[in-house]
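The structure under discussion appears below in the form of structure tokens.
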Amino acid sequence: MSFFSRLFGTQPDPKEEVRPLWHAVVREAREPKYYAEMGAADTIEGRFDMITAILAPVILRLEANKDLIRHSALLTELFVEDMDGQLRESGVGDPVISKHMGKLVSAMGGRIGAFRDALAGKRELSDVVDKNVTLSEGTDPALLAAGLRQFSDHLSGLSDDQVLAGDIAA
């Protein structure tokens with residue numbers, strides 16, 4: 001999409017194709033079971049961690065099909081837009097927004113890599129959860145790891161159309 005097309009609205013924003021999926025990722029990450037039953041901390045940090053913990057397997061699912069890689073990039077753009085908006089809403093100003101966004105995007109990239117390794121059997125998923133998700137005190141990371149493994153397996157069984165439509169609820 002060219003700059004002028006976006007500026008004057010002559011072309012639809014391609015991110016709109018994956019907006020239902022982005023909303024579904026956020027809905028899934030807010031599911032009470034992850035907090036009440038599996039021990040994710042119900043804090044700002046814990047909620048961000050759960051968004052990335054749900055988004056990572058979704059992006060990996062999209063990347064598994066070369067025809068959907070473009071959609072994974074669009075989904076990542078929505079993540080960045082949303083996080084930028086959340087930071088601004090919480091009072092982070094222009095002078096430091098890029099520094100904060102850099103940290104959030106870096107965290108997301110690291111988590112995608114960690115989840116990729118864990119879901120491929122190269123690392124223990126419970127170790128990835130322990131290092132990358134804020135948990136309630138005394139929580140066994142294996143509980144949330146099992147839930148995330150189940151979610152990832154569920155995604156694998158969905159059609160591409162279901163995933164793109166945001167029909168990902170486990």
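Looking across segment 23-40, the residues that are hydrophobic (A, V, I, L, M, F, W, C) and open to solvent by 10 Å² or more (accessible area, probe 1.4 Å) come down to VAL26, ALA36, MET38.
Conditions (1) under 23 Å from ILE44 (Cα atoms); (2) surrounded by 20 or more Cβ atoms within 10 Å (Cβ to Cβ), marked per residue:
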| position | (1), (2) |
| --- | --- |
| ASN65 | no, no |
| VAL80 | yes, no |
| GLU89 | yes, no |
| SER98 | yes, no |
| ASP117 | no, no |
| GLU124 | no, no |
| LEU148 | yes, yes |
| GLY157 | no, no |
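When ASP153 is tested against the conditions (1) more than 16 Å from ALA64 (Cα to Cα); (2) surrounded by fewer than 14 Cβ atoms within 10 Å (Cβ to Cβ); (3) under 17 Å from the mean Cα position of the chain (by Cα), the lone failure is (1).
The residue of segment 127-144 that is least open to solvent (accessible area, probe 1.4 Å), among those that are within 14 Å of ASP49 (Cα to Cα), out of contact with any Lys or Arg (no Cβ under 9 Å at 6 or more places or on another chain) and free of Cβ contacts under 8 Å to residues at least 24 places away in the same chain, is ASP130.
The residues listed here are GLY109, GLY93, GLY102; of these, the one that is open to solvent by less than 60 Å² (accessible area, probe 1.4 Å), small (Gly, Ala, Ser), within 27 Å of PRO32 (Cα to Cα) and at pLDDT below 95 is GLY109.
Residues in segment 117-130 that are within 16 Å of the chain's Cα centre (by Cα) and modelled with pLDDT under 95: 1 in all. Regarding ARG61, is this residue buried (at least 19 other Cβ atoms within 10 Å of the Cβ), basic (Lys, Arg) and closer than 19 Å to HIS154 by Cβ? Criteria met by ARG61. Of all the criteria given as (1) of a type in the set (S, T, N, Q); (2) open to solvent by 50 Å² or more (accessible area, probe 1.4 Å); (3) touching a helix residue (DSSP H, G or I) at 6+ places or on another chain (Cβ under 6 Å), the one not satisfied by GLN162 is (3).
The values are calculated or read from the model by the stated rules, or taken from the named source; none is laboratory data. Treat the numbers as computed from the prediction; the structure is a model and nothing was measured. For neighbour counting, all protein chains shown are included, and Cβ atoms are generated from backbone atoms with ideal geometry for every residue, glycine included. Areas reflect the complete protein model, heavy atoms only, side chains present, ligands, DNA and RNA absent. Shrake-Rupley method; radii C 1.70, N 1.55, O 1.52, S 1.80 Å.
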